[in-house]
Amino acid sequence: MLGSYSDFFCTPQKKHDNFRGNVKYFIFKIIPLEQHLKQIVKQQTILSEIIDELSINNNTKNECLKHIASKISKVAPTLLECRVPIFAPILKASPTSDLVKEFKKGRNIRKMDTKWGKGFVRGRCLLTQLHRDILDSVLACAKLSYMVDKMTICASFSAREVLRYYNENSEELNSGSNGVWLLEMLKQIRDTTIEIEVDGFSVDFNILHKVAHSEDGSFCHIEFDPSYIALYRTEMVVCHKEILPDIIACKSAVVKAIIRSSVTHDDMAVKLETMLERIGYKIDREKQDQKWRRIKNEILENKRFLDAIGIELNEKDFTFCYKGNERKVLILEAEVTGSERDKELKALSDASRKNEKAKRTKVEHYQSNSLFDGIEL
């Protein structure tokens, strides 16, 4: 940081040395011009003004991150990531799955095209509903904090506590559900890059930036990607912590995905074919009639989970109806709307292009670009 009070009130030579040793990198990020750095060294008044301005800016960012952290603590993904289905409607990446085959054929890229935007998921494995269950379980148990210098949110938790929460709500105990398995699931999320094209802008992010843990798993720590956190300013979120136990308990990945998609609406009535398209489950009804019947039976077998959340299923024509559930699900508005939202989405889109260019040219950055770069909060 800036150092102690005495660092700025000492002999001219010592002050200069301390400035170079303690503050040069910090100020470099704010005023990257060497000429300005030299002026700051000579003029105490300029330095004081910058410190005052920085203090105000940090207070604003502090409140912003605090507000976003309060949303995430309610297990609240953005509507965008729910409606452009990042997490595939399967539990395991079985080699026989059509989604997995398509993912491998696309060189580990899964493509989605919805009325709310296009999506591309790139990674070493396909993200599934089980990955979403684990991430949500972590957020339900974790203690959240935020880092103003990186403009991101962190979550600290015990692997044992998260597994206990997950297994208490899961009707079928996963034989591989131990600390190593849990952390591997989080690392797979970390290693996956998501690109979403929305409203004429293309944004690129990872959900997680870092995963750290003690050897015995008693202490674990995840850090979200700043660009992912930035989406919490431009997008609405759906708080569904109250229904998470029902989602985890459901054995059907398709029904899990249907629930996660449906609760982003407050008035919905769609038929099965449209619903499957929404959750990213492609099926040719004429050529895959047996698979179609199997999906319908799977949904009927897990209908009680739909009923518990307030999603009505007409079994005659297989229409799903949902009119909101204010007692258990809460949709919160975006921090910014209209022209301000467009401005921030453009900033994130520009940052995404810069990061992609840096990767291609192997340019090393001190800090990942995020939506907040170049935006006055």
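The values are calculated or read from the model by the stated rules, or taken from the named source; none is laboratory data. This structure is a prediction, so every number in the text was calculated from the model and none was measured. Backbone-built Cβ (ideal geometry, glycine too); neighbour counts: all protein chains shown. Each accessible area value is taken on the protein alone, full model and side chains, heavy atoms only, with ligands, DNA and RNA left out. Shrake-Rupley method; radii C 1.70, N 1.55, O 1.52, S 1.80 Å.
What to note about this one:
- Yes/no for I295 being touching an Asp or Glu at 6+ places or on another chain (Cβ under 8 Å) and either open to solvent by less than 20 Å² (accessible area, probe 1.4 Å) or at pLDDT 85 or above (or both): no
- The condition (being touching a helix residue (DSSP H, G or I) at 6+ places or on another chain (Cβ under 6 Å), at pLDDT 95 or above and small (G, A, S)) is satisfied by just one residue among S137, S170, S156: S137.
- Verdict on F224 being open to solvent by 10 Å² or more (accessible area, probe 1.4 Å) and not charged (D, E, K, R): no
- Any hit, the range 200-207, residues being assigned to a helix (DSSP H, G or I) and among the aliphatic types (A, V, I, L, M): no
- Every test in (1) open to solvent by 40 Å² or more (accessible area, probe 1.4 Å); (2) at pLDDT below 95 is passed by R304 save one, and that test is (2).
- Among residues of the range 307-331, those that are within 20 Å of I72 (Cα to Cα) and buried (at least 17 other Cβ atoms within 10 Å of the Cβ), counted: 5
- Selection status of V162, open to solvent by less than 10 Å² (accessible area, probe 1.4 Å) and within 17 Å of the chain's Cα centre (by Cα): no
- Filter pass, I243 being touching a strand residue (DSSP E or B) at 6+ places or on another chain (Cβ under 9 Å) and either open to solvent by less than 40 Å² (accessible area, probe 1.4 Å) or under 26 Å from E298 (Cβ atoms) (or both): no
- Selection count where residues are open to solvent by 90 Å² or more (accessible area, probe 1.4 Å), modelled with pLDDT under 55 and part of a helix (DSSP H, G or I), scope the range 346-377: 1
- Near pairs, Cβ below 7 angstrom, 6+ apart or cross-chain, from the range 102-124 (at negative phi) to any residue that is assigned to a strand (DSSP E or B) and open to solvent by 80 Å² or more (accessible area, probe 1.4 Å): M112/K118; F120/K111
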